[in-house]
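Report on the following structure.
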Amino acid sequence: MARAPQKDREDATLAHIRRTVFPILWGVFFFSMIVNALMLTGPLYMLQVYDRVLGSRSEETLVALSILVAFLFLMMGILDYVRARVAARVGAKVQDGLDERVFRAALQKARTDGAAQTGLQDLEAVQRLMTSPAFLALFDIPWTPLFIAAIFVFHPWLGWLAIGGGVLLIIITIVNQTVTRRPLREATVAGRGADRLAAEMQGEAELIRSLGMANAALARWRTERENALGQSVATADRVGGFTTLTKTLRLFLQSAMLGLGAYLVLQNEMTSGAMIAGSILLGRALAPIEMTIGQWAMIDRARQGWQNLQELVNTVPVEPKRLALPRPAARLDIHQLSVVPPGETQPTLRMVSFKVEPGEAVGIIGPSGAGKSTLARALIGVWLPAGGQVRLDGATLDQYDPDVLGRLIGYLPQRVTLFGGTIAENIARLDPNPDPDKIVEAAKKAAAHDIILNQPKGYDTQVANIGSRLSGGQIQRIGLARALYGDPVILVLDEPNANLDHEGSMALNQAVRGLKAEGKSAIIMAHRPAAIEECEKLLVLDGGMARAFGPTQDVLKKTVSNYSELSRPPQGAPQQPAAQQPAAQQAAPQQPAPQPQAAQPVAAKPAGQPAAPRPQRREAGQ
């Protein structure tokens, strides 16, 4: 397994974005320099009008100055528009360049530590800032000293007044950042929590309605929402207070500049034109600071988002390119496998070993929390081993590219999720260029072809339009078709017949028989007897450990007192002659099956020795 890069080493994609974007940002800085220099046009025009045109009463001078000023303002407007468009495209370039890297890193991070990641939201926050006027204000702030220096030219007293006002606004900015940073973060987290809760409840609308939970769910959501809203309002009040203070101070400083300028005019130390020009320059000097304070929530969110992105991509390595291996045989070798679920510290699977040969079906049985779903996730490479190995035809799973491994090992989880799109796209695993013949073939193997044809538009039916009309068994059959798509060599089925009726269970067994006939293998996590009818071997898990493994008939004989329900034919199934019954149903012939004893552990030890007590833990995801 590739080691994660050190945190002080920058991710290659992020470094490439820096090298690509920074030269363009220097261009934005250059445009900002010209735009801010042209901002002097207005004050200088006022200075000339008051001091020269009005004094000389020359209309020709006024016309010439006005034409020149109109041209300069036109250039300023064009350059300001250009830099805004360039900044917007820089933001789009950053998002486009990091989208795939952040998406994959967020998926990998969520898989390894069990926590949902906000990488894409962080990237969107950065992009949103770069397309906003607040981003350009950050480029205008460095030119504030230029305007203050111009005010000093008019009179030192005006310059010192401008400096005092600027320093006061900077202090307000620092206090604003210090006071609002934590509330902004808490309000963001609370808002996400409320949105996530609402999405969960909307996704389970039928369950909430059927259990009479609507009022309770609404009350829970309103509590979360009111908390988020309260924090958001409190934060907005703080930020709004600083914004109002900044705006009021700027307007006061402009009036103070006029008042001080009028006094200096009365003292014959400056002209009336300089008084007006100084007031305009002060307003221009303080405008970007006021904009920064007013949009501080957006700026802080983007700053935090950029830090999160750096941490995410610098700590989650890029999936290494792997040499393409030949198509493997359907042979799995699990040796001393231990697995710790993401976000936990204790293993739920410990020291499990067994083998699966081509053409075999292996059943995995055990009580709830025994580690069956953990084993399923380890066999498909989703959860990494904490110890031991899983080898597919001699190669460890991490030697295969994840997408290639997903096509080699088909997976049907306990709870099947259908994604937005058509039924065909779901079966084809959202492949942009699917093979229609393989889609239909997989659906037929899963006995889902007729079910799909009965939908409004057949395979082209949008799942979103019929999601509520599909039964759990129908969804599971479509999920089975998805697992079979692409001709996998091994099929991992986690409680595959949990929602299937007798016909669906028969279709499942037929699919497993077809796999075995083609020299492929199946691993079936089961609670119900119909699921292991095609299994030649059986593994018993209890407390995360293997208690027995071997031919189905032998294992069931040893564990019949605990799993007698697995030795009986499924309810409603026709009785078969003994010679035709699968091994799973011949486990205890000539004797009535005793009642299951759910409270006792699996008796994998020799007779006369008590079995170790089973830990009362619940497996993650089970």
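The values are calculated or read from the model by the stated rules, or taken from the named source; none is laboratory data. Model, not experiment: these values are computed from the prediction. Heads up, the Cβs are rebuilt from the backbone with ideal geometry, glycines too, and the neighbour counts pull from every protein chain shown. In case anyone asks, the SASA skips ligands and DNA or RNA and just uses the protein heavy atoms, side chains included. Shrake-Rupley method; radii C 1.70, N 1.55, O 1.52, S 1.80 Å.
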Of all residues in region 286-314 being in contact with an Asp or Glu (Cβ under 9 Å, 6 or more places away or on another chain) and open to solvent by 30 Å² or more (accessible area, probe 1.4 Å), the one that is farthest from Gln127 (Cα to Cα): Ala287
The one condition in (1) farther than 30 Å from Ala37 by Cα; (2) in a loop (DSSP other than H, G, I, E, B) that Glu269 fails to fulfil: (1)
Criterion: surrounded by fewer than 19 Cβ atoms within 10 Å (Cβ to Cβ) and part of a helix (DSSP H, G or I) - qualifying residue of Ala234, Ala274: Ala234
Matching residues, region 296-320, being free of Cβ contacts under 8 Å to residues at least 40 places away in the same chain and either in a loop (DSSP other than H, G, I, E, B) or of a type outside the set (Lys, Arg) (or both): Gln307
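When region 456-494 is examined, which residues are found to be open to solvent by 20 Å² or more (accessible area, probe 1.4 Å) and outside any helix (DSSP H, G or I)? Write out each step before concluding.
Quick first cut of region 456-494, residues open to solvent by 20 Å² or more (accessible area, probe 1.4 Å) only: 456-457, 459-460, 462, 464-465, 467-469, 471-472, 474-475, 477, 482, 485-487.
Scanning region 456-494 gives Pro456, Lys457, Gln462, Ser471, Tyr485, Gly486, Asp487.
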Members of region 512-542 that are open to solvent by 10 Å² or more (accessible area, probe 1.4 Å), closer than 29 Å to Pro385 by Cβ and out of contact with any strand residue (DSSP E or B) (no Cβ under 8 Å at 6 or more places or on another chain): Glu518, Gly519, Arg528
Pairs where the first residue, in region 392-404, is β-branched (Val, Ile, Thr) and the second is open to solvent by less than 60 Å² (accessible area, probe 1.4 Å), C-beta under 7 Å, 6+ apart: Thr396/Val390
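Among Leu79, Leu98, Leu47, which is at pLDDT 90 or above, surrounded by 14 or more Cβ atoms within 10 Å (Cβ to Cβ) and part of a helix (DSSP H, G or I)? Full working, then the answer.
Numbers: Leu98 fails: at pLDDT 90 or above; Leu47 fails: at pLDDT 90 or above.
Being at pLDDT 90 or above, surrounded by 14 or more Cβ atoms within 10 Å (Cβ to Cβ) and part of a helix (DSSP H, G or I) holds for just one of Leu79, Leu98, Leu47, which is Leu79.
Can you tell me which residue in region 169-185 is nearest to Leu245 (Cα to Cα), limited to those that are touching a helix residue (DSSP H, G or I) at 6+ places or on another chain (Cβ under 9 Å) and either open to solvent by 80 Å² or more (accessible area, probe 1.4 Å) or not in a helix (DSSP H, G or I) (or both)? Let's see the steps before the verdict.
First, pick out the residues of region 169-185 that are touching a helix residue (DSSP H, G or I) at 6+ places or on another chain (Cβ under 9 Å): 169-170, 172-173, 175-177, 179-181, 183-185.
Applying the additional criterion that residues be either open to solvent by 80 Å² or more (accessible area, probe 1.4 Å) or not in a helix (DSSP H, G or I) (or both) yields 170, 181, 185.
On the way: Ile170: 12, Arg181: 18, Arg185: 23 Å.
Filtering first and then ranking leaves Ile170.
Just checking, does region 114-131 include any residue being modelled with pLDDT of 85 or more, open to solvent by 50 Å² or more (accessible area, probe 1.4 Å), in contact with a helix residue (DSSP H, G or I) (Cβ under 9 Å, 6 or more places away or on another chain) and in a helix (DSSP H, G or I)? Step through it out loud before you land on a result.
Going residue by residue through region 114-131, those that are modelled with pLDDT of 85 or more are 122-131.
Narrowing further to those that are open to solvent by 50 Å² or more (accessible area, probe 1.4 Å): 124, 128, 131.
Filter again for in contact with a helix residue (DSSP H, G or I) (Cβ under 9 Å, 6 or more places away or on another chain), leaving 124, 128, 131.
If we keep only those that are in a helix (DSSP H, G or I) too, we end up with 124, 128.
Yes, region 114-131 has at least one match.
With in contact with a Leu (Cβ under 9 Å, 6 or more places away or on another chain), open to solvent by less than 40 Å² (accessible area, probe 1.4 Å) and either under 20 Å from Gln310 (Cα atoms) or assigned to a helix (DSSP H, G or I) (or both) as the only criterion, which of Ala105, Ala137, Ala88 stands out?
Working: Ala137 fails: in contact with a Leu (Cβ under 9 Å, 6 or more places away or on another chain); Ala88 fails: in contact with a Leu (Cβ under 9 Å, 6 or more places away or on another chain).
Being in contact with a Leu (Cβ under 9 Å, 6 or more places away or on another chain), open to solvent by less than 40 Å² (accessible area, probe 1.4 Å) and either under 20 Å from Gln310 (Cα atoms) or assigned to a helix (DSSP H, G or I) (or both) holds for just one of Ala105, Ala137, Ala88, which is Ala105.
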Residues of region 50-75 that turn out to be small (Gly, Ala, Ser), at pLDDT below 85 and closer than 20 Å to Ile280 by Cβ, as a count: 1
Residue count for region 129-166, restricted to those that are closer than 19 Å to Leu258 by Cα and free of Cβ contacts under 8 Å to residues at least 60 places away in the same chain: 8
Region 372-418, residues that are closer than 20 Å to Ala110 by Cα, over 21 Å from the mean Cα position of the chain (by Cα) and in a helix (DSSP H, G or I): Ser373, Thr374, Leu375, Ala376, Ala378, Leu379, Leu397, Asp398, Leu405
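Just one of Gly387, Gly359, Gly369, Gly420 is surrounded by fewer than 22 Cβ atoms within 10 Å (Cβ to Cβ) and closer than 14 Å to Leu491 by Cβ; which is it? Spell out the reasoning first.
On the way: Gly387 fails: closer than 14 Å to Leu491 by Cβ; Gly369 fails: closer than 14 Å to Leu491 by Cβ; Gly420 fails: closer than 14 Å to Leu491 by Cβ.
So the residue among Gly387, Gly359, Gly369, Gly420 that is surrounded by fewer than 22 Cβ atoms within 10 Å (Cβ to Cβ) and closer than 14 Å to Leu491 by Cβ is Gly359.
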Tally, over region 256-280, of residues that are of a type outside the set (A, V, I, L, M) and without any contact (Cβ under 8 Å) to a residue 12 or more places away in the chain: 4
